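Written below as structure tokens is the structure these notes are about.
The values are calculated or read from the model by the stated rules, or taken from the named source; none is laboratory data. Only a predicted model underlies this, so the values are computations on that prediction, with no experimental measurement involved. Note that each Cβ is placed from the backbone with ideal geometry, even for glycine, and that neighbours are counted across all protein chains shown. All accessible areas refer to the heavy atoms of the entire protein, side chains included, with ligands and DNA or RNA removed. Shrake-Rupley method; radii C 1.70, N 1.55, O 1.52, S 1.80 Å.
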Amino acid sequence: MLKEIHEQSDVLVSSMQGRYDGLSNTVDLSADFQDSPISKGRIQGITRCLLVGMGTSMHACMIGRHYLERFAGIPTEVDNAAEFRYRRPLLDANTLVISVTQSGETVDTLAAMDEAKRADCLQITICNTPGAQSTRLADLSLLLGAGAEISVASTKTLLASIMALHAVSLSLGKLRETLTSEMEAEQVVNALQLPSAVSTVLGNSGKILQVARKYAASEHFLFLGRGLGYPVALEGALKLKEVSYIHAEGYSAGEMKHGPLALIEDGMPVVVIAPKDDYYKKTISNMQEVIARGAKVLLLTNKDANQVISENI
Ligand code: M6R
């Protein structure tokens, strides 16, 4: 797992190669979709999108939803594939279903895809395994190219899935004419900086280890975030449970005052994900509420954010 965590910068570079062009500042998926029989008219006729996956892949979907709505102007929902398959979802030929699955073989995700196929939905799968069943069911496949993920706990494929959803959303936005070239250029420039940003964070692993040692004996953890930080919080809690057997919950930070605040005990570690985005001030104010209840906050934010709290990593 550690090896795969440290591969992430390279994985990002290879997943953007041939898709993100830093000279023209454009995204182009034509090499991935070159044999596609899907017309521009069909893409423009999409009225709604459903993103399906399980576990970590579903968390990638929750981030992808923001991109699809923002760049492609498509009303988007995220569904846990295991729920989707049993709740008789309302689907039609103008619904785009995007499945995210590292293995391409997760039974619930495949069953959701079968359901979508019966309704004649347009389907894209984002998958790391060439030739997997999800690539056979979908109309279009976007391969992650992250290399085999041997660890059961997903790490590098989460980042690659998010990148793939970003690229798909930008491409759909271009075809649907909802994305301006300025927005596209801004996104490409930012995306191309990610590999070095990831290396910088991983270069900080000494500090991360120090903090981990300090809180390793804690029995409960909370992870809080808003916006894109919310799925990151859910993923943090999932990963902590999976690899440390420590009880952890992820919440939208705005949800805390509706009950979960009662869980905070003196000294309880709370990981707050608060990048300097549109949600920053709100998240920081939620953070102050948990500090007032005695939580020890581990804040993940931008370097220049300058918050003075118990641990700032
Ligand atoms: O292969 P998939 O992406 O479809 O797998 C879905 C989940 O089982 C998977 O993401 C799981 O949650 C992670 N391996 C947990 O780290």
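Please state the relative contact order of the chain as a whole percent: Cα pairs under 8 Å, 6+ residues apart?
Working: 564 pairs, mean separation 54.2, N = 313.
The value is 17 percent.
Per residue, what accessible area does the chain have, given a 1.4 Å probe and all protein chains present, in Å²? Write down the numbers at each step before the final one.
Numbers: 14980 Å² over 313 residues.
It amounts to 48 Å² per residue over the chain.
Per residue of the chain, what 222 nm ellipticity follows from adding -39500 (n - 2.57) for every DSSP H run with n ≥ 4, rounded to the nearest 500? Write out the running numbers ahead of the final one.
Details: 12 runs with 140 residues, N = 313.
So the helix-based figure for the chain works out to -14000 deg cm²/dmol.
Restricting to the chain, compute how many DSSP beta bridges are antiparallel as a %, nearest 5.
Counting only bridges with both partners in the chain, antiparallel ones make up about 5 percent.
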- Task: Determine the dipole magnitude for the range 1-105: charges of +1 sit on the beta-carbon of Lys and Arg, -1 on that of Asp and Glu, nothing else is charged, the reference point is the Cα centre, and the result goes in debye to the nearest 20.
- Result: 420 debye
- Note the direction-averaged projected area, equal to a quarter of the hull surface, for the Cα convex hull of the chain, in nm². 16.0 nm²
- Task: Give a residue-ordered list of calculated ³J(HN,Hα) values for the range 193-200 (Karplus: 6.51 cos²θ - 1.76 cosθ + 1.60, θ = phi - 60°; whole Hz; x for Gly, Pro).
- Result: 8, 4, x, 6, 5, 5, 4, 4
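Could you tell me what percent of the accessible area of the range 93-182 is made up of carbon and sulfur, with a 1.4 Å probe and every protein chain present?
Numbers: 1720 of 3130 Å².
Reported share for carbon and sulfur atoms: 55 percent.
Over the range 219-313, with every protein chain in place, what whole percent of the accessible area is carbon and sulfur at 1.4 Å, could you tell me?
Numbers: 2490 of 4890 Å².
Taking all protein chains in place, the range 219-313 shows 51 percent carbon and sulfur surface.
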- Item | the range 8-159 - Rg (one decimal) and Dmax (whole number), Cα, Å | 14.9, 47
